[in-house]
1. Report yes if some residue within region 112-126 is under 19 Å from Met21 (Cβ atoms) and loosely packed, with under 14 Cβ neighbours inside 10 Å; otherwise report no.
2. Report whether or not Gly83 is assigned to a loop (DSSP other than H, G, I, E, B), in contact (Cβ under 8 Å) with a residue 24 or more places away in the chain and not aliphatic (A, V, I, L, M).
3. What are the residues in region 42-78 that are of a type in the set (Val, Ile, Thr) and part of a loop (DSSP other than H, G, I, E, B), if any?
4. Looking at region 90-109, can you tell me whether even one residue there is surrounded by fewer than 14 Cβ atoms within 10 Å (Cβ to Cβ), in contact (Cβ under 8 Å) with a residue 60 or more places away in the chain and within 20 Å of Pro137 (Cα to Cα)?
5. Mind checking which residues of region 44-59 are more than 13 Å from Leu70 (Cα to Cα) and among the charged types (D, E, K, R)?
6. What pairs come out if I take residues in region 124-145 that are part of a helix (DSSP H, G or I) and pair them with residues that are of a type outside the set (Lys, Arg) whose C-beta lies under 8 Å away, six or more apart or interchain?
7. So which of Phe41, Phe126 ends up being farther than 13 Å from His27 by Cβ and in contact with a strand residue (DSSP E or B) (Cβ under 9 Å, 6 or more places away or on another chain)?
8. Would you check which residues across region 105-116 are of a type outside the set (S, T, N, Q) and either in a loop (DSSP other than H, G, I, E, B) or at pLDDT below 95 (or both) and list them?
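The values are calculated or read from the model by the stated rules, or taken from the named source; none is laboratory data. Remember, predicted model here, so these are calculated numbers, not experimental data. Counting neighbours? That spans all protein chains shown, and the Cβs are built from the backbone with ideal geometry, glycine included.
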Amino acid sequence: MTGGRRLKSKNIMTMNTTTNMELISTHPVKKSDLGFHGNLFGGKLLAWVDAAGAAFASQVCDTPRMVTILIDKCVFQKPAKEGHLLKIYGDVESMGNTSVTLKVEARSHNVYDGRQAIILSTHIKFVRIDEQGEAIPISQRVKDKYVK
């Protein structure tokens, strides 16, 4: 991370933390999103992360035909509670011939002071497909923008 201060013991980022990740989705955590213990249900969070990642992959690759092929290890680092605002951030990690891998973070956002706590961090791989569901190349224009 560049800039800002990070409190490692609590995994909380202060509001002045800068990041190169792009905000790709925001969700209020409602009572209907909670599991048995009053925390955001993990399956609901994974669905939000996957949907936000797919939309971001489509935006990055200039195509609506992106499918999830891999969600890397998911460690739920901290619970999200009712009333929290959950923000999902994404960044292009790597670009292949037919695929893009994104780093995706879900963060609980405190609306009063702007502090954010990382709830989940993972990598998701998406593949560009044609009408028959076969993998097809991502355009060279897109690759030129993201391949370093």
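1. yes
2. Answer is yes for this residue.
3. Correct list: Thr63 only.
4. No; the residues of region 90-109 include none that is surrounded by fewer than 14 Cβ atoms within 10 Å (Cβ to Cβ), in contact (Cβ under 8 Å) with a residue 60 or more places away in the chain and within 20 Å of Pro137 (Cα to Cα).
5. Passing the criteria: only Lys44.
6. Arg141/Asp62; Val142/Val60; Val142/Cys61; Val142/Asp62; Val142/Met95; Lys143/Met95
7. Of Phe41, Phe126, the one residue that is farther than 13 Å from His27 by Cβ and in contact with a strand residue (DSSP E or B) (Cβ under 9 Å, 6 or more places away or on another chain) is Phe126.
8. If the condition is that a residue be of a type outside the set (S, T, N, Q) and either in a loop (DSSP other than H, G, I, E, B) or at pLDDT below 95 (or both), then His109, Val111, Tyr112, Asp113, Gly114, Arg115 are the ones that fit.
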